[in-house]
């Protein structure tokens, strides 16, 4: 049986929730990224890394991109709908081509609570809404754009335990 760990980095908690669900289901060890020394990665057959998406970055991902893992699985958590979002630019900015070819990546949908956002995140979301989304002609807006406008300033949570199933199935097949 493979020895598995789940490592995560979260700002507002959704990535932690997914990491806990994954670790429970796979009976894996779980760590917040700050609790892990790079040398510990070699103790595991499979490392599952989860990080929130912020400004084209994956929180804390350098731990696994700069240190070898026997087998690496990554999940990202962001506000956008994974079924309609192109993550290729984010992945190429965060992974070497070589590492990306041997890493399985899953994208999960999180949420947002504007009242809990830090100053920089609030400012970024405000700029996105004002400078981009509101300027899209109404007839050209996507469902995502409309949802962003409708829920701006509120709390919305798309996290869903059932969406980890493809990741779980993939890991169990390794």
Contact order relative to length of segment 1-42, as percent, for alpha carbon pairs under 8 angstrom and 6 or more apart: 43
Among 48, 112, 129: highest mean-square fluctuation, GNM of the chain, C-alpha pairs under 10 Å: 129
Global geometry of segment 112-156, whether rounded, prolate or oblate, following the gyration tensor of its Cα atoms and the 1.5 cut on a/c: oblate
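With a 10 Å Cβ neighbour count serving as the proxy for reagent exposure, in which order, fewest first, do 31, 119 appear?
119, 31
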Fraction of the pair-distance distribution of the chain above 23 Å, Cα-Cα pairs, percent: 42
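Starting from 0.36 nm per residue, how many nanometres of slack lie between residue 20 and residue 55 once their C-alpha separation is accounted for?
Numbers: separation 35, 0.36 × 35 = 12.60 nm, distance 2.44 nm.
My answer for the length gained is 10.2 nm.
Restricting to Cα pairs below 8 Å that are 6+ residues apart, what does the relative contact order work out to for segment 112-156? Please round to a whole percent. Could the numbers behind the result be given before it?
On the way: 21 pairs, mean separation 31.8, N = 45.
Rounded, it is 71 percent for segment 112-156.
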Highest-MSF residue in the chain out of 26, 128, 63 [GNM, Cα springs under 10 Å]: 128
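Indicate, rounded to the nearest 5 percent, the antiparallel portion of the DSSP beta bridges found entirely in the chain. List each step's numbers first, then the result.
Values: 5 of 27 bridges.
The answer is about 20 percent antiparallel.
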Whole-angstrom gap from segment 130-170 to segment 11-54, using each part's C-alpha centre: 25
Where the Cα pairs of segment 1-66 fall when distances are cut into 10 Å bins, in %: 23, 55, 21, 1
In range of the label at residue 12: residues from segment 130-146 whose backbone nitrogen is under 19 Å from the point 7 Å along Cα→Cβ: 130-134, 144-146
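Normalising by the residue count of segment 1-117, find the relative contact order in percent from Cα pairs under 8 Å and 6+ residues apart. Show your work: numbers first, answer last.
Details: 201 pairs, mean separation 30.1, N = 117.
Averaging sequence separation for qualifying contacts and normalising by length gives 26 percent for segment 1-117.
Only counting other Cβ atoms within 10 Å, I'd like 141, 172, 109 sorted with the fewest neighbours first.
On the way: 141 15, 172 11, 109 20.
If I rank by nearby Cβ atoms, fewest first, I get 172, 141, 109.
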Listed residues 150, 27, 139, most fluctuating in the chain (Gaussian network, C-alpha, under 10 Å): 139
Neighbour-count order for 125, 148, fewest beta carbons within 10 angstrom listed first: 125, 148
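No value in this document is a laboratory result; all are computed from the given coordinates. Computed from a predicted model, the values in this text were never measured in an experiment. We place every Cβ from the backbone using ideal geometry, glycine too, and count neighbours over all the protein chains shown.
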